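Novice: Take this structure, written in structure tokens, and hold onto it; I'll ask about it next.
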Amino acid sequence: MSKLAFPEGFLWGGAVAANQIEGAWLEDGKQPNVTDICVGIGDRHPGLKWNDETNKWEMCLDPEKVYLSHEAIDFYHRYKEDLALMAGMGFNCFRTSIAWGRIFPNGDEEEPNEKGLQFYDNLFDEMNRLGMTPVITLSHYETPLHLLTEYGGWINPLCIDFWRNYVTTVFNRYKGKVKYWLTFNEVNNMKRSPFISAGALSLNPVDKTNPRIVTDKERWQVYANILTANAETVKLAHEIDPDCQVGCMLTSSSVATYPYNCDPDNVFGAYQAQRFANFYFGDPFCLGIIPGYVKRVWKELDCEPEFREGALDLIKTYPVDFFAFSYYRSGTYDKETANGWDTGGLTGKANPFLRGTSPEPWKWPIDPKGLRYTLNVLTDRYHKPLFIVENGIGLDENLDENGHIHDTFRVEYTRDHMLEVREAIADGCDVMGYLYWGPIDVVSAGTGEMRKRYGFVYVDRFNDGHGTLERVKKDSYEWMKKICTTNGEALDEEETI
Ligand code: BGP
């Protein structure tokens, strides 16, 4: 039997996002984006209020809240130190995003902000110098706020034009420096969180106290506009830099939605959940088609969106080069408790066959085999290279009396997932790489807190905003280094840390 192994050139590294690490939220010309006015995606009260005189939404931050992302971990000023720590683990790849608002502060300017462009020039140069291939997300919950308050964000097709200007600018500027581009981070979450995930805001709100609500019609218009923009991005990237590749980025924990039992209603329900949480974006991105089950919803809800002339052809002609995704956990579908396709069909019913969850208070189910399942399903469906650009575990951790963090739990979680990736490669999946989410502690996307720590490197900052920002290597740092520098061979060693 041949030995299981990772292919030569496999990409090992970590992933972060500008809004969760950079801080400097109003520095060098940057203006606020959607994340800047929320404490995480789950924040029920984004910092906006409706002005009856102007008939517009206005920014209005809550003085009671701590917006940790405004300073985050100060990567904007410390990126050299942080990148050196990442390269020290043997990473040959590093993923971050460009904050759109550093390049076009309001989103609708014609000319870019040179200071923002220069920052990412320096950043990408440093990454390449350290031997880490940049994987760059074009939009990771960072749509400029002005585009939402002025135009309704992605509900408005004009956003496609603003986006075109932005991506053309960065493709021309970073040509030769960035080989892998990702378009819209986890945009398939837009049903649950249209404000942050999709950059959408209703300018004719049904509820003037709640900027998170968009109508079905508006939601599906966002879908049409994003599909169009995605295809344009692939076209432009290939025209400007034929050596670069473009991937979509979808949260694919939802692919591993299992029927709670073999009741055919649950089996089909789980399949529908996979479709409406994942494939409804994956199919047009990878196959260039709008699925029939989506058109059925349009008919039933009377909310068919408008596509610009030629957009459907564009979508057909310009599928992505690879499928990038995040995977953290699996879910179950049970018709008795299902809460509808709007939330991906997850029921919240615990899977009794899993060995556990992440610790309180997050309690995400731990299911490494779900990652192998996901890789296989995506391969059979799309036959494209797959790129795991997020996987990891958030834990509440503090330095012990000797200033250490012994994070065996993280090592076990990561090792078990990597082993399943290796199995999937043996199954025939074409896997480009494995990027661990949050290799250095970052502000959480979901809850906007520092307490949920993913890093191999600890950052001294806390939920109330205090902290020295000092960086400390956790025990897992040396373990990860062994994995990356042996192309995964160290996974077979008994002693992990
Ligand atoms: C994904 C996002 C990341 C990220 C991660 C972990 O949804 O793309 O931005 O933070 O999940 O989620 P959380 O930070 O909520 O633990």
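The values are calculated or read from the model by the stated rules, or taken from the named source; none is laboratory data. All values reported here derive from a predicted model rather than from experimental measurement. Positions of Cβ are generated from backbone atoms using ideal geometry, with glycine treated the same way; all protein chains shown enter the neighbour counts. Protein only, heavy atoms only, side chains kept; ligands, DNA and RNA dropped before computing areas. Shrake-Rupley method; radii C 1.70, N 1.55, O 1.52, S 1.80 Å.
Novice: Taking Cα pairs under 8 Å and at least six residues apart, what relative contact order does segment 19-137 come out at, in percent?
Specialist: Details: 160 pairs, mean separation 36.3, N = 119.
Computed over segment 19-137, the figure is 31 percent.
Novice: What ³J(HN,Hα) values, in whole Hz, does the Karplus curve 6.51 cos²θ - 1.76 cosθ + 1.60 give for segment 163-177 when θ = phi - 60°, with x put for Gly and Pro?
Specialist: 4, 4, 5, 5, 6, 4, 4, 6, 5, 5, 5, 9, 3, x, 9
Novice: What's the ranking of 421-433, 326-338 by average number of surrounding C-beta atoms within 10 Å, highest first?
Specialist: Numbers: 421-433: 18.4, 326-338: 21.3.
For the peptides 421-433, 326-338, the packing ranking is 326-338, 421-433.
Novice: Per 10 Å bin, what percent of the C-alpha pairs of segment 266-343 does each bin hold, from zero upward?
Specialist: 16, 41, 32, 11, 0
Novice: Right, another one. Using θ = phi - 60° and the Karplus relation 6.51 cos²θ - 1.76 cosθ + 1.60, list the HN-Hα couplings for segment 66-76 in order, rounded to whole Hz, with x at every Gly or Pro.
Specialist: Coupling constants for segment 66-76: 9, 8, 4, 5, 5, 10, 6, 10, 6, 4, 3 Hz.
Novice: Which of K56/K316; K191/K316; K179/K384; K3/K482; K335/K363 have a Cα-Cα distance over 29 Å? Spell out each step's value before the answer.
Specialist: Values: K56/K316 37 Å; K191/K316 23 Å; K179/K384 17 Å; K3/K482 19 Å; K335/K363 22 Å.
Checking Cα-Cα distances, K56/K316 exceed 29 Å.
Novice: Short version: ³J(HN,Hα) in whole Hz for each residue of segment 45-52, in order, from phi by Karplus 6.51 cos²θ - 1.76 cosθ + 1.60 (θ = phi - 60°), x for Gly and Pro, what are they?
Specialist: 10, x, x, 9, 9, 7, 9, 5
Novice: A further question follows. Ignoring ligands, DNA and RNA, what percent of the 1.4 Å accessible area of the chain is carbon and sulfur? Provide the component values of the computation, followed by the final result.
Specialist: Numbers: 9560 of 19350 Å².
Heavy-atom surface of the chain belonging to carbon and sulfur, 1.4 Å probe: 49 percent.
Novice: Counting Lys and Arg as +1 and Asp and Glu as -1, each charge on the Cβ, what is the dipole of segment 11-492 about the Cα centre in debye, to the nearest 20?
Specialist: Values: 50 positive and 70 negative charges, 178 e Å.
Computed charge dipole of segment 11-492: roughly 860 debye.
Novice: Going by Cα centres, segment 141-171 and segment 379-448 are how many Å apart?
Specialist: 31
Novice: Amide H to amide H, which residues 5 or more places from D74 or on other chains are under 5 Å from it, using H placed in the peptide plane?
Specialist: Those qualifying (amide H under 5 Å, at least 5 residues apart or on another chain) are G23.
Novice: Something else: List the residues whose amide H sits under 5 Å from the amide H of T257, counting only those 5 or more places along or on another chain, with H placed 1.01 Å from N in the peptide plane.
Specialist: Sorted by chain and number, the residues that satisfy this are G331.
Novice: Remind me, relative contact order of segment 11-492 in percent, using alpha carbon pairs under 8 angstrom and six or more residues apart? Intermediate results must be reported in sequence, preceding the final value.
Specialist: Working: 1037 pairs, mean separation 81.8, N = 482.
Over segment 11-492, the number comes to 17 percent.
Novice: So, one more: Based on the alpha-carbon gyration tensor of segment 392-497 and its eigenvalue square roots a ≥ b ≥ c, which shape applies: rounded if a/c is under 1.5, prolate if not and a/b is larger than b/c, or oblate? Spell out each step's value before the answer.
Specialist: Working: a/c = 2.76, a/b = 1.73, b/c = 1.60.
Prolate shape, in that a/c is at least 1.5 and a/b is the bigger ratio.
Novice: Please list, in chain and number order, the residues 5+ apart from K473 or on another chain whose amide H is under 5 Å from its amide H, with Hs placed from the backbone.
Specialist: Y458
Novice: Based on the mean of other beta carbon atoms within 10 Å per residue, what is the order of 215-224, 67-76, 195-204, 107-116, most packed first? Let's see the in-between values first.
Specialist: Details: 215-224: 20.1, 67-76: 21.8, 195-204: 24.7, 107-116: 15.3.
Ranked by mean Cβ neighbours within 10 Å, highest first: 195-204, 67-76, 215-224, 107-116.
Novice: Among W154, S139, M89, which residue has its Cα furthest toward the positive end of the charge dipole of segment 69-175, with +1 on Lys/Arg Cβ and -1 on Asp/Glu Cβ?
Specialist: M89
Novice: Could you give the size of the charge dipole of segment 354-463 about its Cα centre, using +1 on the Cβ of each K and R and -1 on the Cβ of each D and E, expressed in debye and rounded to the nearest 20? Intermediate results must be reported in sequence, preceding the final value.
Specialist: Values: 13 positive and 18 negative charges, 70 e Å.
Computed about the Cα centre, the dipole is about 340 debye.
Novice: Among I289, I483, what's the order by accessible area (1.4 angstrom probe), most exposed first?
Specialist: Working: I289 75, I483 0 Å².
Result, largest first: I289, I483.
Novice: Once you have a ≥ b ≥ c as the square roots of the Cα gyration tensor eigenvalues for segment 11-492, tell me rounded if a/c is under 1.5, and otherwise prolate or oblate according to whether a/b is larger than b/c. List each step's numbers first, then the result.
Specialist: Working: a/c = 1.29, a/b = 1.09, b/c = 1.18.
Cα axes put segment 11-492 in the rounded bin.
Novice: Okay, next question. Tell me, what is the per residue accessible area of the chain in Å², probe radius 1.4 Å?
Specialist: Working: 19350 Å² over 497 residues.
With all protein chains present, the chain gives 39 Å² per residue.
Novice: Same structure again: Just from its helices, what would the mean residue ellipticity at 222 nm be for the chain, if runs of 4 or more DSSP H residues each count -39500 (n - 2.57) and the sum is divided by every residue, rounded to the nearest 500 deg cm²/dmol? Before the final figure, lay out each step's value.
Specialist: On the way: 15 runs with 172 residues, N = 497.
Rounded to the nearest 500, the figure is -10500 deg cm²/dmol.
Novice: Would you mind classifying segment 65-156 by shape? Square roots of the alpha carbon gyration tensor eigenvalues, ordered a ≥ b ≥ c; an a/c under 1.5 is rounded, otherwise it is prolate if a/b is larger than b/c and oblate if not. It would help to have the intermediate numbers written out before the result.
Specialist: Values: a/c = 2.26, a/b = 1.83, b/c = 1.24.
Prolate, since a/c reaches 1.5 and a/b exceeds b/c.
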